[in-house]
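The structure appears right after this line, and notes come after that.
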Amino acid sequence: MSEVQNVSRRDFLKLVGVSGSGLVLATTLGSSSLVYAAESQGNELNLFVSVEPDGTVNIVCHRSEMGQGIRTSLPQVVADEMEADWNKVKVIQGLADAAYGSQNTDGSRSVRRFYQVMREMGASARLMLEQAAAKTWQVAADKVKAENGFVRNLVSGEKLSFGQLSSIAATFDLPAKEQIKLKDSNEFRYIGKDIPIVDMRDIQTGKTVYGQDTQIEGMLYACIARSPVVGASVKSFDEEAAKAVKGVVGVWQLPDAQKPFVFRPLSGVAVVAENSWAAMEGRKHLNIQWSEAENQRHNSRHYLAELKGRLPSKGEVVRQRGNAYRALETADKIIEAEYTVPYLAHAPMEPPAATAVYKDGMVEVWACAQTPQSTQTNVAQALGLDPEKVKVNVTLLGGGFGRKSKPDFSVEAALLAKQFGKPVKLFWSREDDLQHCYYHAISAQRFEVGINSSGDVTSWVQRTSFPSISWTFTGTTDIPSNSELSLGFGDLPFNIPNLSLEKHKATAHARIGWIRSVSNIQHAFALGSFVDELATHSKKTPHEMWLELIGPDRIVDPTADGFDYQNYGESPEVFPIDTKRLKQVLNTVVEKSGANEQTEANEGWGICVHRSFVTYVAVAAKVKVVNGKVSILELHSAIDAGTVVNPDRVRSQQEGSMIFGSSIALMGEITFDKGQVEQSNYHDYPVMRMGQCPKIETYIIESDAVPGGVGEPGTPPVAPAIVNAIFHASGKRIRDLPINKHLAV
């Protein structure tokens, strides 16, 4: 478990820049300190608490805030166990530092990985403050009790504030693990309560600082013309024409990008100017000539047809039970279907941005970074520095969705700051972001399922094909990894006697990266849509079909069928695939939404349930289809994420997931021709507008299980629920996203 240390104030200040004096605590965290961590992160993680003489409690948040409320939720846990007065809590954003271990704010891991340790840290601080009070009053330790920023003498009724006790508490040895006592859940003051995010007031008044807002005295502005085809390099450009634009300070060619691309900048030419407008105008005059590249013949429409063309043949088996092919031969009916999902982009409201200063062999970066340590490492590598020579300040993020966990934009800023000897703000336009993204993989899936005369499923063959994220890191991988297949494919929770899950090869032609929910997007879309089709063929309601396929309450173990299941990096003992919880969210959303009830003409309900990021989510969608146009009328979701720290943030994340998933379903599509992205902005890569947004309801299942993920699990069931609703409203089956290729939206 965690080892709590009383660290020096100098070290604390070095990490987080907190002023004042008093009690300073640190908790050393590794995977061993998390009872449910499945594997080592390879680093220790230090989270700090300090108490100022005036009673202010400083709590460091080492994760990045992008609207999900992590700067509230993690400190909320510490404050509760500590018995701090929330009105006196100050949240400090942690810098990039190896002492923290992984700071990657992705994978819906922040609360689920640090809930237990944050509780221990708060409880340790509470115990030390109580010991300080007992010493002051010369009473036994069991005669004092911390309460809302004070310690009360249970005999006399006197109180001392945390601020008054902090200097005394700082002289004590920190309590051993066995001395720490965590609260019972019925004693929680903040955990499980709706608490507004700590940044809300600044957001409302425009005082927050995002990556694009960073201002450094004397800084220059830069934008980059990047290779339109991944792998292409610069042949020539007109430097003088660009420099002739008023305000342009200089032009610089970036190093040519080589496979594997990882997080290094693409090949390109930067224009640096006194203001952003001059930089953009200068870029227009570069007249760059690009070299040929192996991906310049890539056409996404042809490529998708190629992926689908492989699916009728047997692929490499990743999970197998019984004899699926023999059972297919004896089935009374065989149902076949194929589904596709196009390339997708993150399209956050704030495109990537980073500001850098290079001086005396050191770099300081301000960036809207989801992964500050990866930013630190990659900047150091690009500039040939030791990581400790790179300081990374994390701003607020105007959306992330996984894009800002790739620090290529921070590397660009640092390279330019060194080259020009002045602070440089590197900004991406919306067009830059959409056309030079790390894209969600284009994909195709096929089902061949046998049904007997009673309508029972006896055999299940499922195949998937999509370019792997691993290619971005290796430059050679041409088949999905087990970690990707663990996202809604190999972890199929169905009680079917004969099963064959197979993968096909797919060569990557663009930088493939993770997007909110990752491979669960295509796997849940295909699976959720196909279950609805099976229900129709079996003359059952979709609800009945789901329950039948899921089967009795049990724990599903994909490894028993030979699959190397990754389980989101978590222990299967602590985070099993529990069909009881899966069915509970499904039953809840059907009951609460009325999805089994009769609808008006041209209206229909669709449902889907999916487990991802060790959390269970079911979605019910109600749509109306009239004259070839679909409108989403209602979206309902039920979520079982175990113990919930801040229900308000869970509801907010679910609402965001409904909108994100609806955008993907209705309009999400990136296409390539001649190796280049054809979309450029929200006009041709639209996201859901207010007028399209339906009524959204969220139902949180109460649970005392360990916390699961929240940010991503809501997205995967949305698209299948919507297309299923379209079928029940109009009789039209949509197997290829987005919906606007088939209906007006």
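One table, with the values for the structure above:
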quantity: Members of the stretch 57-84 that are basic (Lys, Arg) and part of a loop (DSSP other than H, G, I, E, B); calculated: Arg63
quantity: Residue match in the stretch 464-484 (condition: surrounded by fewer than 23 Cβ atoms within 10 Å (Cβ to Cβ), assigned to a helix (DSSP H, G or I), among the aromatic types (Phe, Trp, Tyr) and modelled with pLDDT of 95 or more); calculated: yes
quantity: Test: residue in the stretch 296-303 that is more than 22 Å from His504 (Cα to Cα) and among the basic types (Lys, Arg); calculated: no
quantity: All positions within the stretch 494-510 that are in a loop (DSSP other than H, G, I, E, B) and surrounded by fewer than 23 Cβ atoms within 10 Å (Cβ to Cβ); calculated: Phe494, Asn495, Ile496, Pro497, Asn498, Lys505, Thr507
quantity: Some residue of the stretch 682-701 being assigned to a loop (DSSP other than H, G, I, E, B), more than 29 Å from Asp432 (Cβ to Cβ) and either without any contact (Cβ under 8 Å) to a residue 60 or more places away in the chain or of a type outside the set (D, E, K, R) (or both); calculated: yes
quantity: Members of the stretch 686-745 that are acidic (Asp, Glu) and over 24 Å from the mean Cα position of the chain (by Cα); calculated: Asp736
quantity: Qualifying residues in the stretch 533-559 (those that are of a type in the set (Gly, Ala, Ser) and either touching a residue at least 40 places away in the same chain (Cβ under 8 Å) or not assigned by TED's automatic domain parsing to the domain that holds Leu586 (or both)) - the one farthest from Asn596 (Cα to Cα); calculated: Gly551
quantity: Condition check for Ser236: at pLDDT 95 or above and surrounded by fewer than 21 Cβ atoms within 10 Å (Cβ to Cβ); calculated: yes
quantity: Within the stretch 419-463, considering residues that are acidic (Asp, Glu) and within 29 Å of Ala305 (Cα to Cα), the one surrounded by the fewest Cβ atoms within 10 Å (Cβ to Cβ); calculated: Glu431
quantity: Residue within the stretch 443-455 that is under 26 Å from the mean Cα position of the chain (by Cα), in contact (Cβ under 8 Å) with a residue 24 or more places away in the chain and not in a strand (DSSP E or B) present; calculated: no
quantity: One residue from Gly231, Gly211 being within 27 Å of the chain's Cα centre (by Cα) and farther than 25 Å from Asp85 by Cα; calculated: Gly211
quantity: Some residue of the stretch 130-152 being of a type in the set (Asp, Glu) and crowded, with 16+ Cβ neighbours inside 10 Å; calculated: yes
quantity: Criterion: of a type outside the set (Phe, Trp, Tyr), modelled with pLDDT under 95 and surrounded by fewer than 18 Cβ atoms within 10 Å (Cβ to Cβ) - qualifying residue of Asp648, Asp704, Asp684, Asp673; calculated: Asp704
quantity: Matching residues, the stretch 359-418, being of a type in the set (Lys, Arg) and either within 20 Å of the chain's Cα centre (by Cα) or within 16 Å of Ala347 (Cα to Cα) (or both); calculated: Arg403, Lys404, Lys406
quantity: Qualifying residue in the stretch 376-397 (condition: closer than 25 Å to Tyr439 by Cα and in a loop (DSSP other than H, G, I, E, B)); calculated: yes
quantity: Some residue of the stretch 167-176 being crowded, with 18+ Cβ neighbours inside 10 Å and of a type in the set (S, T, N, Q); calculated: no
quantity: Candidate set: the stretch 312-333, residues that are outside any helix (DSSP H, G or I) and among the aliphatic types (A, V, I, L, M); chosen: the one farthest from the chain's Cα centre (by Cα); calculated: Ala331
quantity: Residue in the stretch 638-647 that is over 18 Å from Thr698 (Cα atoms) and hydrophobic (A, V, I, L, M, F, W, C) present; calculated: no
quantity: Single residue of the stretch 604-653 satisfying the filter (among the small types (Gly, Ala, Ser) and not in a strand (DSSP E or B)) that is farthest from Cys693 (Cα to Cα); calculated: Gly642
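The values are calculated or read from the model by the stated rules, or taken from the named source; none is laboratory data. Just so it is clear, the structure is predicted and the values come from calculations on it, not from any experiment. Note that each Cβ is placed from the backbone with ideal geometry, even for glycine, and that neighbours are counted across all protein chains shown.
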